[in-house]
Amino acid sequence: MPVEEFVAGWISGALGLVLGHPFDTVKVRLQTQNTYRGIVDCMVKTYRHESAYCLAPFDLIKVRLQNQTEPRAQLGSPPPRYRGPVHCAASIFQEEGPRGLFRGAWALTLRDTPTLGIYFVTYEWLCRQSTPDGQNPSSATVLVAGGFAGITSWATATPLDVIKSRMQMAGLKQREYRGMLDCMVSSARQEGLGVFFRGLTINSARAFPVNAVTFLSYEYLLHAWG
């Protein structure tokens, strides 16, 4: 049933994206800015001063828009640097060239390639451990397995996620890294090794409900379509 699996995956992924996007915005800002005292402070300031919406399907544009902290449409306030996803993409292309649109691409690839394997292996293993032979996993099992699969994958992905976000923001801050290794060394030298786990708490807080909902809706849709 490839069509049913595709549609179920698309719907469940969309649900997970909607649920997780606010947490993702906070995560990116904590990783790339030093103006917040913590997760709650970032949430409060973001909610109080602006409305952060991201419609772009591309990770670079998403990160740039999430880091835009100017209040929207307030009289007397400075206008936002980007007016939206299309303007953001056009501005990056004009100011940073075609290569600017691919900032952090290698870090993104290296982040996602192993973690996707860890993600699904963890989910399948937890489901099998909690389900008797010959039976389908219960809804509670799917929720818990999906949630912990998300946390496990993000625990391994966060260091490269930090590097990816910093490389993507480098062009905006007029700072150039010579590559991933240079970004890693510079970040560790200036802020210590703990910088590579910045955002891990908010990643985990986002990962559990997002992936629990994603897997539950996926399994439910497949079961409903028989």
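For this structure, a couple of remarks:
- Each of the peptides 127-135, 208-216 was scored by the mean count of other Cβ atoms within 10 Å over its residues; in descending order, highest first, they stand as 208-216, 127-135.
- Net lengthening on full extension, residue 136/residue 189 (0.36 nm per residue, minus Cα-Cα): 14.1 nm
- Three-way shape call for segment 72-226 based on the alpha-carbon gyration tensor, with the a/c threshold at 1.5: prolate
- Placing a label point 7 Å from the Cα of residue 222 along the Cα-to-Cβ direction, the residues of segment 193-216 whose backbone N falls under 19 Å from that point are 210-216.
- Neighbourhood net charge (11 Å Cβ-Cβ; Lys/Arg +1, Asp/Glu -1) for residue 112: 0
- Heavy atoms of residue 177: accessible area, 1.4 Å probe, square angstrom to 10: 40 Å²
- Computed E for residue 116/residue 178 - FRET, C-beta separation, R0 30 angstrom, nearest 0.05: 0.60
- Protection-proxy order for peptides 78-84, 188-194, 150-156, 94-100, each taking the mean of Cβ atoms within 10 Å per residue, highest first: 150-156, 78-84, 94-100, 188-194
- For segment 128-143, the Karplus equation 6.51 cos²θ - 1.76 cosθ + 1.60, evaluated at θ = phi - 60°, returns couplings of 5, 5, 9, 10, x, 4, x, 10, 7, x, 6, 4, 5, 4, 4, 4 Hz by residue, with Gly and Pro reported as x.
- Environment charge of residue 127, counting only residues whose C-beta is closer than 15 Å and scoring Lys/Arg +1, Asp/Glu -1: -2
- Net charge contributed by nearby residues that have their C-beta within less than 10 Å of residue 200 (K/R +1, D/E -1): +1
The values are calculated or read from the model by the stated rules, or taken from the named source; none is laboratory data. Given the structure is predicted, the values throughout are model-derived calculations rather than measurements. Quick reminder, even Gly has a Cβ in these numbers, built from the backbone with ideal geometry, and neighbours come from all protein chains shown. Side chains included, ligands, DNA and RNA excluded: accessible areas come from the protein's heavy atoms. Shrake-Rupley method; radii C 1.70, N 1.55, O 1.52, S 1.80 Å.
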